[in-house]
Structures are given as structure tokens and as C-alpha cells.
1. Give the long-range amide H neighbours of Val180: residues separated by 5 or more places, or on another chain, with amide H under 5 Å away, using H modelled in the peptide plane at 1.01 Å from N.
2. Could you give the distance between the Cα centres of segment 52-68 and segment 84-146, to the whole Å?
3. 222 nm [θ] for the chain, helices only, -39500 (n - 2.57) per DSSP H run of 4+, per residue, to 500?
4. Filter the GluC sites (Glu not before Pro) in segment 177-256 down to the DSSP loop ones having no more than 16 other Cβ atoms within 10 Å, then list what survives.
5. Amide H neighbours of Ile225 under 5 Å, counting only residues 5+ apart in sequence or on other chains, H built in-plane at 1.01 Å?
6. Could you run the Karplus curve 6.51 cos²θ - 1.76 cosθ + 1.60 with θ = phi - 60° over segment 29-39 and give me ³J(HN,Hα) per residue in whole Hz, x for Gly and Pro?
7. Within segment 121-152, which trypsin sites (Lys or Arg not before Pro) sit in a loop by DSSP and count at most 15 neighbouring Cβ atoms inside 10 Å?
8. What are the extents of the Cα atoms of segment 161-242 along their three principal axes, listed from largest to smallest and rounded to whole Å?
Amino acid sequence: MGDNPASVIYVRNKAKACKDLGIISEIIQLPQSTTEEELTLKVLALNQKKEVHGILVQSPLPGHIDHFRIFATVDINKDVDGFHPYNLGMLFSGRPRFIPCTPLGIQELLLRSGNDPAGKHVVILGRGNIVGKPLAALLVQKAKGADATVTLCHRGTNNLPEITKTGDILVAAIGNANFVAAEMVKPGAAVVDVGVNSVIDVATGKKKLVGDVEFDSVSKVASAITPVPGGVGPMTIALLLHNTLKAAEIQNRIKD
Ligand code: GUN
């Protein structure tokens with residue numbers, strides 16, 4: 001809905017990834033003025049369509065829309081974002097079904113880069129519903145690829161740098177350009193930067209994307225670090241495609 005510049009880019013990248021993989025996708029662009037009832041009816045209509053296996057309502061939604069109610073309208077078997085309260089509840093209950101794409105992408109990234117979180121202290125900076133909270137639930141589970149000790153902190157946490165410095169793995173999802181400085185990072189830690197912040201480049205005067213981590217200084221103390229752009233973003237999209245395939249399998253009764 002609307003014309004949030006970041007959302008326009010995200011949605012375009014998601015559609016391109018679907019096309020590359022042979023998944024049919026349709027972008028339904030609604031004006032900013034669309035009412036909650038109109039949006040609800042749209043989602044309900046997609047729930048009914050047999051040929052639609054996955055539904056993603058791009059956030060942020062305009063202020064007059066209650067995003068919680070919209071996410072709760074999506075059919076739980078088509079919830080490729082994993083934001084329906086049923087699927088979130090399943091994750092928090094240790095019975096994950098659809099897991100939000102960014103946390104799932106971060107888990108995959110850690111595993112494939114040799115940074116299995118098992119037994120490690122993972123500090124997550126940022127407690128949002130899209131990344132921080134579901135990532136904490138995912139990594140604290142007694143399960144393969146998880147089994148971590150998790151600290152969830154935020155900008156109001158007392159002695160924040162002292163806490164972030166205890167993380168063997170530090171995940172920054174606070175939405176603040178270059179917030180994490182080298183002094184906040186444990187030497188040798190693996191750092192995952194979820195931030196996507198648009199700033200003006202002082203050298204060129206043009207807009208550029210930067211993460212929540214001061215890349216140049218932190219990369220000197222970290223053992224591994226994800227870049228922005230190019231790190232977590234593409235993984236989020238890859239896991240969205242994974243969830244979409246899973247949704248199609250569930251609806252065709254190939255999987256439960
Ligand atoms: N806005 C930022 N990240 C996401 C995401 O993973 N899914 C949706 N629907 N909106 C987002």
C-alpha cells in the first residue's frame with residue numbers, strides 16, 4: 001500500500017526473485033487511502049483463490065491500518081511471511097510452521113558461514129516484531145541450528161555497549177544508521193547487520209544505503225560481518241521463496 005520507497009524496492013526484488021525461479025507472482029498495488037475494510041476484503045479474496053499459494057502484505061502499512069488485524073486475516077496456510085498470530089504462536093511454542101523470512105535467513109546465514117549458534121551467546125539489538133522478537137524465539141529453541149543463549153536488548157537498555165560486547169554473535173536490527181561502533185563488539189564476534197538505512201553520502205552528495213553497523217571499523221574486530229546491501233536482504237528473499245514452496249506443498253498435501 002502507498003509508495004514507501006524502501007517497500008517499492010523490496011517488492012520489486014521479491015517479484016524478480018520469483019520470476020527467476022519460475023514462481024508466478026502478482027503485485028497488487030493499493031493507494032495510500034485504501035481503508036482497512038477494503039484491504040481486508042482483498043486479503044480474504046486471495047485466501048479463497050486456489051491458484052494463490054502465498055500472500056505477503058508488505059509493511060509498513062499506513063497509520064490508519066491495524067497491521068495486526070491484517071496479518072491475522074491471511075490464511076494460516078498461505079502466510080509466507082509467518083506474521084499470523086497462529087504461526088508466531090507456533091514458533092514461540094517450539095512447534096515452528098511458517099517462520100518469518102528475515103530470522104530464518106539469518107539462521108541459515110549463520111549455519112552456512114560456520115557460525116552455528118548452538119551454545120553461543122547471541123545478542124540481538126532491536127525488539128521489533130519482524131526481526132528481533134521472532135529471531136530470539138527461533139534461536140533459543142531446543143533444536144538443530146538454534147540452542148543459543150539469547151539476549152534481546154534495545155536502545156533503552158542500560159549499559160547497552162557492555163551487553164552487546166558479550167555477544168559471540170551480534171545481530172543489529174535497530175533501524176539506526178551506523179549505530180553499532182567497534183567498541184560495542186566483542187573481538188572475534190560474528191556480526192549480522194539487518195539495517196537498511198538511506199543516508200546522504202558526504203563525498204558524493206547522493207543517497208546510499210547503509211546498515212545499523214559501522215562497517216569499516218567493526219569489520220576490523222569481527223571475525224565475520226554481513227554487508228549492506230547484499231547480506232541479509234537477499235537471504236530474506238531466498239527464505240520467502242522457501243516459505244512459498246512450503247505453502248504450495250502444504251496446500252497440495254505433500255507436507256503437513
Ligand atoms: N517490511 C520489512 N521487512 C518485511 C518483511 O519481511 N515482510 C513484510 N511483509 N514486510 C516487511
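Values in this text are rule-based calculations from the coordinates and carry no lab data. What you see is a predicted model, and the numbers here were worked out from it, not measured in a lab. FYI the Cβ positions are ideal-geometry reconstructions off the backbone, even for glycines, and counts take in every protein chain you see.
1. Val213, Glu214
2. So the separation of the two Cα centres works out to 21 Å.
3. After summing the helix terms and dividing by the residues of the chain, the value is -11000 deg cm²/dmol.
4. Details: sites: Glu183, Glu214, Glu249; in loops: Glu214.
The qualifying sites: there are none.
5. Val191
6. Residue by residue, segment 29-39 yields 8, 10, x, 3, 7, 4, 7, 4, 5, 4, 5 Hz.
7. On the way: sites: Arg127, Lys142, Lys144; in loops: Arg127, Lys142, Lys144.
In loop regions of segment 121-152 (DSSP not H, G, I, E or B), the sparsely surrounded trypsin sites (Lys or Arg not before Pro) are Lys142, Lys144.
8. Ordered largest first, segment 161-242 gives principal extents of 39, 34, 19 Å.
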